[in-house]
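Every number in this text was worked out from the coordinates using simple rules, so none of it is lab data. Not measured: the values here are computed from a predicted model.
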Amino acid sequence: MTLSASPTVETPWWDAYVRLSDHCVTCPTCTAVDQQGTNLRLPCTTARQLSEEHRQAWRT
Ligand SMILES: [Zn+2]
């Protein structure tokens, strides 16, 4: 999926995707990196919830 293909009408999956993206760049857990700058991919309850919402919205 490319960001340039953003739909003109807001869809539930798009809304969920935006919320997930917003979370991932602002959440201290999701953005945690090690000394090499590699994302630690720490488990984040909110991110998991948002990504689950996105998956479900995508299916409908
Ligand atoms: Zn997070």
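Pairs of Cα atoms in the chain fall into 5 Å distance bins, from 0 up to the last occupied one, in shares of 4, 18, 23, 21, 16, 11, 5, 2, 0 percent. Taking every DSSP helix (H) stretch of at least 4 residues in the chain, weighting each as -39,500 (n - 2.57) and dividing the sum by the residue count yields a mean residue ellipticity at 222 nm of -16500 deg cm²/dmol. Axis of helix 45-59 versus longest Cα principal axis of the chain: the two differ by about 30°, to the nearest ten degrees. Between the Cα long axis of helix 12-26 and the first principal axis of the chain there is an angle of about 20°, rounded to the nearest 10.
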